[in-house]
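*Asks:* Structure incoming, see below.
The values are calculated or read from the model by the stated rules, or taken from the named source; none is laboratory data. Keep in mind the model is a prediction, meaning the values are calculated, not measured. With ideal geometry, Cβ positions are generated from the backbone for all residues, glycine too; neighbour counts draw on all protein chains shown. Side chains are part of the model used for accessible areas, which takes the heavy atoms of the whole protein and leaves out ligands, DNA and RNA. Shrake-Rupley method; radii C 1.70, N 1.55, O 1.52, S 1.80 Å.
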Amino acid sequence: MDKIQVKTRRGFNNGPTSASYVKAGVTLEVDRFRAADLLANNLIEDYPGSARKAAAAPVIQTLTEPTNKSAPTPSTPGAPAPSTAEPAKGANKAKGNADKGNAAPSAAGADDKPGA
């Protein structure tokens, strides 16, 4: 079988034992089946005679604007547009101070004080 010289991109184990570790950037000789396997796993750079083709540049298509993009206008007028003005101050304020945490102590709570 013919041997091919390939250059590694990453380090990897080149055999059944961990003693045959190949570092990145090293040139080594492998048969064409092993080279195809290493290339499929992105461990080596492309070599002459590889079946792998460089990826073609993607084709960018420009689309035309659709004619029905805008919403249809209603035939009858609807309600007036909502007002964006700020609500009047104090319009939604709750009565009393209970919501602020300043509530007066209740009569039941007055007996619970120590020393009374």
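*Asks:* Pairs under 8 Å by beta carbon, first residue open to solvent by 80 Å² or more (accessible area, probe 1.4 Å) and part of a loop (DSSP other than H, G, I, E, B) in the stretch 41-52, partner of a type in the set (Lys, Arg) and at pLDDT below 75, six or more apart or different chains?
*Replies:* Asp46/Arg52
*Asks:* For the list (1) more than 30 Å from Asn13 (Cβ to Cβ); (2) at pLDDT 65 or above, I need the number of the one condition that Val30 fails.
*Replies:* It is condition (1) that Val30 fails.
*Asks:* Among (1) loosely packed, with under 13 Cβ neighbours inside 10 Å; (2) part of a strand (DSSP E or B), there is one condition Val6 misses while meeting the rest; what is its number?
*Replies:* Against the list (1) loosely packed, with under 13 Cβ neighbours inside 10 Å; (2) part of a strand (DSSP E or B), Val6 comes up short only on (1).
*Asks:* Could you please find all residues in the stretch 13-40 being surrounded by 16 or more Cβ atoms within 10 Å (Cβ to Cβ) and of a type outside the set (Lys, Arg)?
*Replies:* If the condition is that a residue be surrounded by 16 or more Cβ atoms within 10 Å (Cβ to Cβ) and of a type outside the set (Lys, Arg), then Asn14, Val22, Leu28, Val30, Ala35, Ala36, Leu38, Leu39 are the ones that fit.
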